[in-house]
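Following: one structure in structure tokens, then a few remarks.
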Amino acid sequence: MTLQEVDKQISELQILRKSLEKEEIKKFQEEAKKNVGRCFILNGNYLRIIDIPREQYDLSGHCHFNPYQYPALYLGHDCDNDDIFPFYCDTVFSSILGEARNTRNMSFREISEKEFVAEFDRCVKELKGALFIGNDATEENK
């Protein structure tokens, strides 16, 4: 076997590997859809899973996929000292879904959508109050 033949086989196997990897990701994503919409309280923060894990591509075109991180909407203020918006998007690890056993130092429980929406409405009301605090006085002077 020549070096060129080996390189050709390596190339063909790499193409096959990428194809199989894409199939596995698609299967996982189909199964992961059942978790979208689930709501939790994690370490005192309300959150709702809003999407499935997605592939991310770097500048060289390589695919990175982390099946353990789900995009989530968190209620509350994030760590960036954003005092205006009482919610933000981040990821949550799949361990809260019962898919892993690494839950040490995590306090979480699943909640109903109704409970999440009630807390979301409270946050929206808080935001409205913060945005329109000066408008009440202006309206009274008219």
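Things to note:
- Among the residues making up region 1-59, those that are of a type in the set (A, V, I, L, M), surrounded by 11 or more Cβ atoms within 10 Å (Cβ to Cβ) and not in a helix (DSSP H, G or I) are Val36, Ile41, Leu42, Leu47, Ile49, Ile50, Ile52.
- Qualifying position, being at pLDDT 95 or above and within 24 Å of Gly98 (Cα to Cα), among Gln69, Gln29: Gln29
- Residues of region 60-80 that are surrounded by 11 or more Cβ atoms within 10 Å (Cβ to Cβ) and either of a type in the set (Gly, Ala, Ser) or part of a loop (DSSP other than H, G, I, E, B) (or both): Phe65, Asn66, Pro67, Tyr68, Ala72, Gly76, His77, Asp78.
- Positions within region 32-63 being among the charged types (D, E, K, R) and modelled with pLDDT under 95, in sequence order: Arg54, Glu55, Asp58
- Of all residues in region 81-110 being surrounded by 12 or more Cβ atoms within 10 Å (Cβ to Cβ), among the hydroxyl-bearing types (Ser, Thr, Tyr) and modelled with pLDDT of 65 or more, the one that is farthest from the chain's Cα centre (by Cα): Ser95
- All of (1) among the aliphatic types (A, V, I, L, M); (2) in contact (Cβ under 8 Å) with a residue 60 or more places away in the chain; (3) closer than 26 Å to Leu131 by Cβ hold for Leu42 with one exception: (3).
The values are calculated or read from the model by the stated rules, or taken from the named source; none is laboratory data. Predicted model only: the values in this text are computed from it and were never measured. Cβ atoms come from the backbone with ideal geometry, glycine included; neighbour counts cover every protein chain shown.
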